[in-house]
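Encoded as structure tokens, the structure appears first; notes follow it.
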Amino acid sequence: MDIDHTTEAAILNRQDGSTIAYHRSSGKHPGVVFLTGFKSDMSGSKALALETFCQQRGQAFLRFDYTGHGQSSGAFIDGSIGQWADDAVYALDHLTEGPQILVGSSMGGWIMLLAALQRHQRVAGLVGIAAAPDFTEDLMWQKFSAEQQRLLGTQGYVDLPNCYEDQEPYRITRKLIDDGRRRLLLGGAVNLAMPVRLIQGLLDQDVPWQTAARLMEKVSSDDVEVTYVKSGDHRLSEPRDLDRLQRVLGGLIDQLERPS
């Protein structure tokens, strides 16, 4: 079955004038919603692989861009964890029906947790790929030098080098750090009862493998499984990684579809 990923994105208009670009496939439930990472967009390899997978097995699927990302409106520098989590909840409310599995990559793993806490009655399960809850505090602020922390306080931002294809630096704002601090999760229980699946590379240079272990401990659900990938990096986008992701998601869908 050939899947066409080149169709033009649809646009969801919000009451505040912002827009969210998305691609949606109809199908059976539970549906699947893909949540992208920091400064990523919905055209990445994991999003497209999952779209193909869901269409082939007849599951509903949604991928979209947060505001300030990809084809959605707004500027990245104006965004925050709270804004992007609100985008996810808005998309869940307006673009999906019935139970959904949220699949979050990197920052999307934090967003999926925040969205599930707000819409736990709609979320049937979670799949985190190098999930990075609390990264603005644990992996940014606490890793910043005294000079970088000073610059955040005086000029309101600091530029970090970007090691991926886009050579422009990441501009990290004080707004992003402060807003993230108000949404930290790993300091206490994460009260989510649905099944959770986490995939984490042991060679991840951005999110330490211990983050997955901490999240497994903090989530209140008893049905939490972590898959550690010895050779896995942060992106987990190699063909074998995408195959593994599809197997993990497929297993969770099968579990949820079985009569209780």
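Just so it is clear, none of the values below were taken in a lab; they were calculated from the coordinates. Quick caveat: nothing in here was measured; it's all calculated off a predicted structure. Please note: Cβ atoms are built from the backbone with ideal geometry, for glycine as well, and neighbour counts cover all protein chains shown.
If only the Cβ of Lys and Arg carry +1 and only the Cβ of Asp and Glu carry -1, the dipole of the range 150-260 around its Cα centre is close to 480 debye. Listed values for the range 143-152 are Karplus-derived 3J(HN,Hα) couplings in whole Hz (6.51 cos²θ - 1.76 cosθ + 1.60, θ = phi - 60°), namely 9, 5, 6, 4, 5, 5, 5, 5, 4, 4, and x replaces Gly and Pro. The alpha-carbon of Lys230 sits under 24 angstrom from the alpha-carbons of these lysines, leaving out residues fewer than 8 places away in its chain: Lys46, Lys218.
Per-residue ellipticity at 222 nm computed for the chain from its helices equals -10500 deg cm²/dmol, with DSSP H segments shorter than 4 residues left out and the rest contributing -39,500 (n - 2.57). The ranking of Trp110, Trp84 from fewest to most other beta carbons within 10 Å of each one's beta carbon is Trp84, Trp110.
Going by a ≥ b ≥ c, the root eigenvalues of the Cα gyration tensor, does the range 125-175 fall in the rounded group (a/c under 1.5), the prolate group (a/b larger than b/c) or the oblate group? Because a/c hits 1.5 or more and a/b fails to exceed b/c, the range 125-175 counts as oblate. Assign one of three labels to the range 176-220, namely rounded, prolate or oblate, based on the Cα gyration tensor with a ≥ b ≥ c the square roots of its eigenvalues; rounded applies when a/c is under 1.5, prolate when it is not and a/b is larger than b/c, and oblate otherwise. Verdict is oblate for the range 176-220. Sequence-ordered 3J(HN,Hα) estimates for the range 42-58 from the Karplus curve with 6.51, -1.76 and 1.60 and θ = phi - 60° stand at 7, 9, x, 5, 5, 4, 6, 5, 6, 4, 4, 4, 5, 5, 5, 9, x Hz, glycine and proline given as x.
Using only the Cα atoms of the range 51-153, build the gyration tensor, take square roots of its eigenvalues as a ≥ b ≥ c, and label the shape rounded, prolate or oblate: rounded if a/c is under 1.5, else prolate if a/b is larger than b/c, else oblate. Because a/c hits 1.5 or more and a/b exceeds b/c, the range 51-153 counts as prolate. For Asp159, Asp65, Asp86, the sequence from fewest to most other C-beta atoms within 10 Å is Asp159, Asp86, Asp65.
Note on the range 19-77: with charges restricted to the Cβ of Lys and Arg (+1) and Asp and Glu (-1), its dipole about the Cα centre is near 180 debye. Along the chain, the longest continuous region that contains none of the GluC sites (Glu not before Pro) in a DSSP loop with at most 15 other C-beta atoms within 10 Å is 166-260.
Counted by neighbouring Cβ atoms within 10 Å, the residues Ile77, Ile177, Ile101, Ile129 run from fewest to most as Ile77, Ile177, Ile101, Ile129. The calculated FRET efficiency for Glu147 paired with Thr227, based on their beta-carbon distance and R0 = 35 Å, is about 0.35. Annotation for the range 18-68 versus the range 211-260: alpha-carbon center distance of 17 Å. Under 26 Å of direct C-alpha separation, and excluding same-chain neighbours fewer than eight residues apart, Lys175 reaches these lysines: Lys39, Lys143.
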